[in-house]
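Values quoted throughout were computed directly from the atomic coordinates according to the rules given, and no laboratory measurement underlies them. Everything numeric here is computed off the predicted structure, so don't read it as measured data. Positions of Cβ are backbone-derived with ideal geometry, glycine not excepted, and every protein chain shown enters the neighbour counts.
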Amino acid sequence: MNYAEVIRTVEGQLTGKPVYLIETLAQQIAARILGTFTVVKAVTVEVTKPFAPVAAEFDAISVKIRRERA
């Protein structure tokens, strides 16, 4: 497993078309990793967004998902 390639894949997703929900971004990253790296059987992705536009006091908002091959 070439982790530098995984990082480049994630960076490509982050610099691509913007999304509004961190849940969408997490799903897209997971799908891209599973679609690109056949050796990966499952992936857990956590996306954290500091300073999210929410009317509450917090340090950050995050979402964590796990996806597996069918």
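Between helix 3-14 and the chain there is an angle of about 50 degrees, using the helix long axis and the longest principal axis of the Cα atoms. When Rg/Rh (Cα atoms, Kirkwood Rh) is computed from the coordinates, the matching label among (1) 0.97; (2) 1.02; (3) 1.16 is (2). About its Cα centre, the stretch 3-68 has a charge dipole of approximately 260 debye under the convention of +1 per Lys or Arg Cβ and -1 per Asp or Glu Cβ, with nothing else charged. Potential lengthening of the chain between Thr38 and Lys64 amounts to 7.2 nm, from the contour at 0.36 nm per residue minus the alpha-carbon distance.
Axis of helix 22-36 versus longest Cα principal axis of the chain: the two differ by about 10°, to the nearest ten degrees.
On the basis of the beta-carbon distance and an R0 of 25 Å, Glu57 and Glu23 show a calculated FRET efficiency of 0.70.
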